[in-house]
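**Student:** Take this structure, written in structure tokens, and hold onto it; I'll ask about it next.
The values are calculated or read from the model by the stated rules, or taken from the named source; none is laboratory data. Owing to the predicted nature of the structure, the values given are computational and were not obtained by experimental measurement. Counting neighbours? That spans all protein chains shown, and the Cβs are built from the backbone with ideal geometry, glycine included.
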């Protein structure tokens, strides 16, 4: 296991069980620290300031271990963590490459692209049908709608309808616009096909018809 990254200039992160609520709460840090916490069973709260509480989906007997995992990941990323005895650990644990990080890397690659053709190629994973980024987000929204359909609460059908609205009326136009953008950028170049691909040849001429109507 690798050691911690270089210390960060962000404010220290505190992780401790709150005496009043008995919840394990994390405070401080920057956006990256918040992302680490949110991928380690902490829920974001924004009430004047951003803080995190451990999700109630974590069983009581597992809460200390989960808190220590969050502390280890924060320390591996270079954060100074102030934790109580229950949550503290000297360990570090490297973060895995998340789906969000993969998309951030894609955004960086688009910024660094040197031609419209390269940008168009980078957009293929975003706009691909069935399992591209936007198509997968559409599936996620419809899956959430199905979950709310099955909950049966007074407001659940309205929430389900709103999820479908987001997929169809908000995400749909974004997808259509980026599909057009990718094609428009591609049409600006006459670059050859990428290695391993070949363009289809022209279609063969149709057979000529004879006087009898037969072809030859």
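**Student:** Got a sec? Which of 76, 72, 5 is over 30 Å from residue 125 (Cα atoms), surrounded by fewer than 17 Cβ atoms within 10 Å (Cβ to Cβ) and not assigned by TED's automatic domain parsing to the domain that holds residue 126?
**Tutor:** 5
**Student:** If we only count strands (runs of 3 or more DSSP E) wholly inside the stretch 10-70, which ones have 1 or more residues that are at pLDDT below 95 and within 25 Å of residue 104 (Cβ to Cβ)?
**Tutor:** In the stretch 10-70, the matching strands (runs of 3 or more DSSP E) lie at 42-46, 50-54.
**Student:** In the stretch 47-59, which residues are within 21 Å of the chain's Cα centre (by Cα) and more than 20 Å from residue 69 (Cβ to Cβ)?
**Tutor:** Matches in the stretch 47-59: 50 only.
Condition check ((1) within 19 Å of the chain's Cα centre (by Cα); (2) in contact (Cβ under 8 Å) with a residue 24 or more places away in the chain; (3) under 29 Å from residue 24 (Cα atoms)) across all residues:
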{"position": "84", "(1), (2), (3)": "no, yes, yes"}
{"position": "89", "(1), (2), (3)": "no, no, yes"}
{"position": "104", "(1), (2), (3)": "yes, no, no"}
{"position": "107", "(1), (2), (3)": "yes, no, no"}
{"position": "115", "(1), (2), (3)": "no, yes, no"}
{"position": "126", "(1), (2), (3)": "yes, yes, no"}
{"position": "147", "(1), (2), (3)": "no, no, yes"}
